[in-house]
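Here's the structure, in structure tokens; my notes come after.
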Amino acid sequence: MTTWGVIQFPGSCDERDAVLACSRAGEARLLWHAERDLAGVDAIVVPGGFSYGDYLRAGAIARFSEVMEAVAEFAAAGGPVLGICNGFQVLCEAGLLPGALLTNERLRFVCRQVEVEVVNAETPFTRECEPGERLSIPVKHQVGRYFAPPEELERLEREGRVVFRYAPGQNPNGSLGDIAGVANDAGNVVGLMPHPEHAVDPLTGSADGLKLFASAAKLAVA
Amino acid sequence: MLIRPKEGILDPQGKAVERALPALGFDDVSSVRIGRLVELEADSLERLPELCEKLLANPLIEDFEIQPVQAPSPDA
Amino acid sequence: MSVAEAPHRALGLTDPEYDWICELLDREPNGVELAMFSLMWSEHCAYKHSRKLLRLLPTEGPRVVLGPGENAGAVSVGEDHVVAFKVESHNHPSAVEPFQGAATGVGGILRDVFALGARPIAILDSLRFGELDTGRSRYLFEGVVAGVGHYGNSIGVPTVGGEVYFEGPYEHNCLVNAMCVGLARRDRIIRSAASGVGNALVLMGASTGRDGIGGASVLASAELEAGETEKRPTVQIGDPFEEEKLMECCLELLDRELLVALQDLGAAGLTSSAAEMASKGGVGLDIDVGLVPLREADMEPFEVMVSESQERMLAVVDPARVDEVLAVCARWQTGAAVIGEVTEGGSLRVLAGGEEVGDLPIAALVDDCPLYDLQPAEPEGWIYGNRRTLDDGSPEQTLLALLASPTIASKRWALEQYDSIVGSRTVDRGESADAAVLMLPEADSSIAVAIDGNGRRVACDPYVGAVEAVLECAANLACAGAEPLGLTNCLNFGNPEKPHVAWQLQRSVEGLAAACEALSIPVVGGNVSLYNETPAGPIYPTPVIGMVGELADPAAVAGICLRDGDAIAVLGPFSPSLAGSELAKQRGELGPGLAAVDIAAAEAAIATVRRLVRDGAVGAAHDISDGGLACALAEMAIAGGVGARVDLAALVARAQDAEAALFGEGVAGFVVTGNRQMLEGIAGTDLVIVGEAGGGTLELSAGDLSLSIPLAEVEDAWRSLAERVDSAS
């Protein structure tokens, strides 16, 4: 059974939802921001919310927390790490993922179900998907416009590190190249703005997000 | 310390303000960029660039500028 | 006597009230005491013009766990859980600074709910602005929506529903009512009564600044330089990050049973919270303002006592547990300080560095404020304006104009700015669903919540309009298959000292009471916001109703989508009329009077719909409201992406008017859809099959009127709000 760790910062909002979602593909526990001990988990989720209020810049302060040092070591050792929304921002700020997230083009918060295309189906979080498969997953953020300098962007595309793309016409924030999620060099760290943990039950809108958790669970058991 | 979006980065806040200006009669104003101002007291300027790079600004998307208001006095 | 010589007048106390205070104290109050009295005896805290009237409302029921008087009301769900909820206004602060006013309104209502030990699980809002074609209304609308979203989104509580009306009388006095729903285990709820002489008083959360002192600043001591008063901000700034930590901290403290009592700090700050806690517990309190963590140095004692700084809670703690409490607060990075203790007797003593600066009998503060009788008088004729914005035209033009009116049009522009899904409880029902449905797996139950209140109709007839507001909420819940458990209300009215406003208030409360009695729905809490008027006149009388109901199976809940081939029926004794309708408003034909309501017949129809939805017997159920049947059908067609052919001859017979059949409004009307034979078999209430879903056109006929509009055009009109807001700014 896969054991998931979900990081909890002051200001996290979706950590309990992430625990619920992970629990559908294993066991899940919260990891407190001020502790370095990852308690031997197999996979880590850095969840959404507004860590430390996001007053300076989304994710800017959370990256310096004790737990993030341990997450960096875990990632360097090849452990699967999924950053969702604010968690994506934190991983970018921490340098574990390339690029940065900027305020949405239309400046406003947007909460909306979007179609997301799986571009790279070989990461630990997308193995259960087909390349080109479309998942219905909600976004909810005000700072989600993906940015990377042109040469970096070109490299990401070339190396297949763009993992998720908003389906044509569905880009909710003005992200460059319709990018919704990317991976690190090694492919074990993935971040995305859409919230797969909010797409695990058809009653709440969709169960497509389950595939991300199921992918990593299979991997950890294998 | 002034922190502003890097040249070439889309700044929707700045654009929104810029679009509102003609209606107010400011036809001759352009290139609005919106950033942040961080005020702090420090004994020395030496490590402030590091502080900006590490925390206050994201060098990927933001430039910063340090403007000492008053030179720190040795006995401060 | 000049104002300078009579600070009580500047603080809003009348001369007789001041004399009464002197009599109660047997002396004149000092400045600190006067500031405290002025706030505790304000309309907001003392309900001096409404308390007598509110006694009319039924407050008891088998499911009521906490009724009016606590921080929020609570009803039982499942075996061992309660749902706590309350609606509160933040009208004036939002008119001054819409973003912060709305944000702190949300923050305040969240605190009311977690003060009981309930985790907030949903926010709903009820908003009123002037017509959207003025810049000021757009500014307020945009700011309020962003502020509600900012606070809820940041703290991680979903905003699951709400309503917005745009009407001229709110132009200079917008309404921002926010409702919070929370969930707690029944054995974990905590009351606010202070008890245990010697117990410590712990102030938690943000530090105290000069926020919201506003009016009381006339008490500033003479030493303060003239310019200094400008430093006192009247706008309170919300900090959802601080509140999230405070909320998690309080919930952990309660979970570990470390608190004796808990109360949030709202209007009138420490004064009100401390006095209420002591009053309920029948004890006294000593508070040393010197121990209160301050954001600004050299605040005067009265400022500390009346400050409305946000994100603060007051707890009573056993001295032996204080260290544990402070440790939990430290873990959550939330401020905490012991600022006083519970004492014998009934005095609220204020100390400053150990020295007494005020000593007031709590009974005088809380219970002895004079209550006033209203002097109601029915006004002659229509006291609000009329503005014709729609000329007579074809039925097509009329329907498109109604759908495009900001009050009826899709509010997606606003709803998308709210995180409606955090918490994993919100059942996806589409944007036009009548009520939000939330799953409560820990209680093995689900609830539906709705908020409603059509001020325009209450203005036409305060009694009938208020009855309609309750029926409307119950109808919304019925469409989700939910049975009402309780309601909360926010009474937004003008100046009650004016006879016509007093009459509106009295008739509305009588209507609320009658409807609640008839439907057996207890009122478990509420809020009154009076003096909502400007030189331009009073607002529409606006009782806003928030209702919570329980349902068994969220998967069985019908939506509002039309499906190709489904038969369409109108259910209920719905007898539409143009009086008080959106169409009458657009034609500038508003006036006093609404058709009387048969509450029992309406209740029967509501019960039928609830049963049909619960049994999964209908494909869709939608309550007929603003814009009448034509608009209800248009919303269902848009939601289902399919057209319909409908003949409303039966409604023309009832309404005696073809136009009223199409666009008239009234209570107890539902559109239900499904298999034709099945619909024909529904007995026990009025039900007429009026048409069938199919095609790509909305085709309606009523007597000699008929209209036919391609669905895409219908949808464009209904989705025109975003463009109206964005293109203008």
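Within a straight-line Cα-Cα reach of under 16 Å, C:K52 can be paired with the following aspartates and glutamates, leaving aside sequence neighbours fewer than 8 residues apart in one chain: C:E43, C:D367, C:D368, C:D373, C:E497, C:E510.
The mean number of Cβ atoms from other chains found within 10 Å of a Cβ in peptide A:198-207 is 4, as a whole number. State whether chain A is rounded, prolate or oblate according to the following rule on the C-alpha gyration tensor (a ≥ b ≥ c being the square roots of its eigenvalues): a/c under 1.5 gives rounded; otherwise a/b larger than b/c gives prolate, and the remaining case gives oblate. It comes out rounded by the Cα gyration axes. Compared with the dominant principal axis of the Cα atoms in chain C, helix C:98-114 is inclined by about 80°.
Work from the charge dipole of the stretch C:14-65 (Cβ charges, +1 for Lys and Arg, -1 for Asp and Glu, about the Cα centre) and give the residue of C:L56, C:V32, C:T14 farthest towards its positive end. Positive-end residue among those listed: C:L56. Think of the stretch A:58-137 as a dipole: +1 on every Lys or Arg Cβ, -1 on every Asp or Glu Cβ, centred on the Cα centre; then among A:A75, A:G132, A:F109, A:F109 lies furthest on the positive end.
Of the trypsin sites (Lys or Arg not before Pro) found in the stretch C:290-344, those that fall in a DSSP loop while having at most 15 other beta-carbon atoms within 10 Å are C:R295.
Taking 7 Å steps out from each Cα toward its Cβ at A:A39 and C:R724 produces label points 5.2 nm apart. Counting only DSSP H runs of at least 4 residues, each contributing -39500 (n - 2.57), and dividing by the residue count of chain C, the helix-based mean residue ellipticity at 222 nm comes to -10000 deg cm²/dmol.
Within chain C, the longest run free of exposed loop sites, counting GluC sites (Glu not before Pro) that sit outside DSSP helix and strand states (H, G, I, E, B) and have at most 15 other Cβ atoms within 10 Å, spans C:80-222.
The alpha carbon centroids of the stretch C:147-207 and the stretch A:15-64 are separated by 26 Å. Could you tell me the distance between the Cα centroids of the stretch C:521-566 and the stretch C:99-130, to the nearest Å? Result: 15 Å between the Cα centres. Residue pairs exceeding 20 angstrom between C-alpha atoms, taken from C:K48/C:K498; B:K6/B:K54; C:K86/C:K411; A:K140/C:K411: C:K86/C:K411.
When exposed loop sites are taken as chymotrypsin sites (Phe, Trp or Tyr not before Pro) in a DSSP loop with at most 16 other Cβ atoms within 10 Å, the longest stretch of chain C clear of them is C:1-371.
Think of the stretch C:74-224 as having a plus end and a minus end, set by charges on the Cβ of Lys, Arg, Asp and Glu; of C:F166, C:H90, C:A115, C:A115 sits farthest toward the positive end of this dipole. Summed over all non-identical Cα pairs, the Kirkwood treatment of chain C gives a radius of 26.4 Å. Would you mind classifying the stretch C:371-509 by shape? Square roots of the alpha carbon gyration tensor eigenvalues, ordered a ≥ b ≥ c; an a/c under 1.5 is rounded, otherwise it is prolate if a/b is larger than b/c and oblate if not. Oblate is the answer for the stretch C:371-509, as a/c is 1.5 or above yet b/c matches or exceeds a/b. Per residue of A:103-110, other chain Cβ atoms within 10 Å of the residue Cβ number 5 on average. Cβ crowding within 10 Å, taken as a proxy for footprinting-reagent exposure, orders A:V41, C:V570 from fewest neighbours to most as A:V41, C:V570.
In this structure, the amide hydrogen of C:G73, modeled 1.01 Å from its nitrogen in the peptide plane, lies closer than 5 angstrom to those of C:F85, counting only residues at least 5 positions away or on a different chain.
I'd like the distance between the alpha-carbon centres of the stretch A:172-222 and the stretch C:266-308, rounded to an integer number of Å. If you average the Cα positions of each part, the centres end up 48 Å apart. Just to confirm the number: angle between the C-alpha axis of helix C:599-614 and the first principal axis of chain C, 0 to 90 degrees, nearest 10? Approximately 80 degrees, to the nearest ten. Inter-chain neighbour count for C:236-244: the average number of beta-carbon atoms from partner chains within 10 Å of each residue's beta-carbon is 3. Of the trypsin sites (Lys or Arg not before Pro) found in the stretch C:17-93, the ones in coil according to DSSP and having at most 13 other Cβ atoms within 10 Å of their Cβ are C:R27, C:R55.
Between helix C:269-281 and chain C there is an angle of about 90 degrees, using the helix long axis and the longest principal axis of the Cα atoms. Extension gain, C:D564 to C:A297, is 89.2 nm, computed as 0.36 nm per intervening residue step minus the present C-alpha separation.
Read the figures in this text as sums done on the coordinates, not as results from a lab. Remember, predicted model here, so these are calculated numbers, not experimental data. Every residue, glycine as well, gets a Cβ built from its backbone with ideal geometry; the counts of neighbours run over all protein chains shown.
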